[in-house]
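These notes are about the structure you will find just below.
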Amino acid sequence: MVNLTINGITVKVPAGTTILEAANSVGIEIPTLCHHPALSKFGACRMCVVEVQGARNLSASCTTPVSEGMVVETESERVVRARRVILDLLLANHPMDCLTCQKLGECKLSDYAYHYGVRQTSFKGEKHDYPLDDSNPYIVRDMNKCILCGQCVRACEEIKGQSAIGFAYRSFSTQVGPPLDEPLSYSECVYCNNCVIVCPVGALTDKQLLNKGRSYEVEKEPVICSFCEAGCEFEIIRRKNKVIGVEAKAAAPGRPLCLKGRLGLNFIYNPEATSPPLLKADDGSWQETSWETALGLEQIINKLKQLEGQKANPADNSKEA
Ligand code: SF4
Ligand code: SF4
Ligand code: SF4
């Protein structure tokens, strides 16, 4: 075990723990853009920098392991100044589109800009103007909003094992996407949506949720998919008691939700699938009835059949006894 101090709090964690993990273990939050606990460490965005006493530079807390006697400050003046510069640089090439962005309310970039008081960029220069990739029925890709955190690339490779997307080009032109700059619909993508779940900004959006409500207007409920025997976990998204979407649980790697599970919710509101059950009346006509009645009757019929079978085969009956 290693002892250290974070923001004046004594912390004891196993050797090999990162500063970020140690801070989180005692409820200290450090902002991150490229980090996700279910993915490999990347250390690219530098939002998680902290001040370690005696160190010349600020350290990326997501990749720096703790050491005995370490003294860490996570919100010192120097750290806050560095984070403001990072946000300023990110906003320099970012559309200020929050008013209509589907991600507002759970976008880390806008949350941190708000928290650190960065209203706009102080840099002037060229901005990207990529066309939207709207080529498939499931995911909308707006690379103008991408902050190159690489979480989608790692989620595709490490959670789904698909490697449908990767980094391309260099410097200012760097972007993530399928090989040869093709639309997603031409790639190996299987639309598992794990990349959408981990994207910290509005660069990737689940098409079925577009314009259906802000994140703070919806409720999420964990459920188990019943479409096949794998029983994947996912979250049903409801707004005003109506199911508007389904979200894969990226934090549960190894069992990403398949397309059938994600899009099966269409059955709920399919007018052809919700016709009530019919019950044959004494006069031979079919009458509508409730599911409770129909299912209750079915149970009774099964029980009667079982009793009938026992009567016809007393040997089976005694075997059972
Ligand atoms: S991605 Fe975030 S910061 Fe960018 S427009 Fe959307 S809400 Fe605003
Ligand atoms: S939807 Fe799944 S397969 Fe497609 S790019 Fe995203 S993570 Fe990869
Ligand atoms: S699309 Fe989203 S997750 Fe992927 S690199 Fe860009 S910001 Fe990160």
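The values are calculated or read from the model by the stated rules, or taken from the named source; none is laboratory data. This one's a predicted model, so the numbers in the text were calculated from it and none came from an experiment. Note that each Cβ is placed from the backbone with ideal geometry, even for glycine, and that neighbours are counted across all protein chains shown.
Could you check how many residues of segment 105-120 are modelled with pLDDT under 95 and either among the hydroxyl-bearing types (S, T, Y) or within 19 Å of V198 (Cβ to Cβ) (or both)? Qualifying residue count for the region: 2. A252 meets the conditions (1) surrounded by 14 or more Cβ atoms within 10 Å (Cβ to Cβ); (2) at pLDDT 80 or above; (3) aliphatic (A, V, I, L, M) in every case but one. The failed one is (2). When the test is whether a residue is more than 24 Å from V246 (Cα to Cα), assigned by TED's automatic domain parsing to the domain that holds M143 and either crowded, with 18+ Cβ neighbours inside 10 Å or of a type in the set (A, V, I, L, M, F, W, C) (or both), L204 does not pass it. Restricting G27, G43, G8, G69 to those that are at pLDDT 95 or above, within 24 Å of the chain's Cα centre (by Cα) and over 29 Å from L210 (Cβ atoms) reduces the list to G27. How about segment 141-159: which of its residues are within 12 Å of ligand 2 (Cβ to nearest atom) and surrounded by fewer than 20 Cβ atoms within 10 Å (Cβ to Cβ)? Matches in segment 141-159: E157, E158. Regarding segment 122-132, can at least one residue be identified that is closer than 18 Å to G202 by Cα and either surrounded by 14 or more Cβ atoms within 10 Å (Cβ to Cβ) or in contact with a Gly (Cβ under 9 Å, 6 or more places away or on another chain) (or both)? The answer is yes, given that some residue of segment 122-132 is closer than 18 Å to G202 by Cα and either surrounded by 14 or more Cβ atoms within 10 Å (Cβ to Cβ) or in contact with a Gly (Cβ under 9 Å, 6 or more places away or on another chain) (or both). Would you pick out the residues in segment 91-133 that are in contact with a strand residue (DSSP E or B) (Cβ under 7 Å, 6 or more places away or on another chain), part of a loop (DSSP other than H, G, I, E, B) and without any contact (Cβ under 8 Å) to a residue 60 or more places away in the chain? Within segment 91-133, just L132 meets the criteria. Applying the condition of being modelled with pLDDT under 85 and among the small types (G, A, S) to segment 281-321 and asking which residue is surrounded by the most Cβ atoms within 10 Å (Cβ to Cβ) yields A294.
Scanning segment 182-195 for residues that are in contact with a strand residue (DSSP E or B) (Cβ under 7 Å, 6 or more places away or on another chain) and among the charged types (D, E, K, R) yields no hits at all. Based on what the data block shows, is D88 more than 18 Å from G16 (Cα to Cα), in a helix (DSSP H, G or I) and within 19 Å of the chain's Cα centre (by Cα)? The answer is no for D88.
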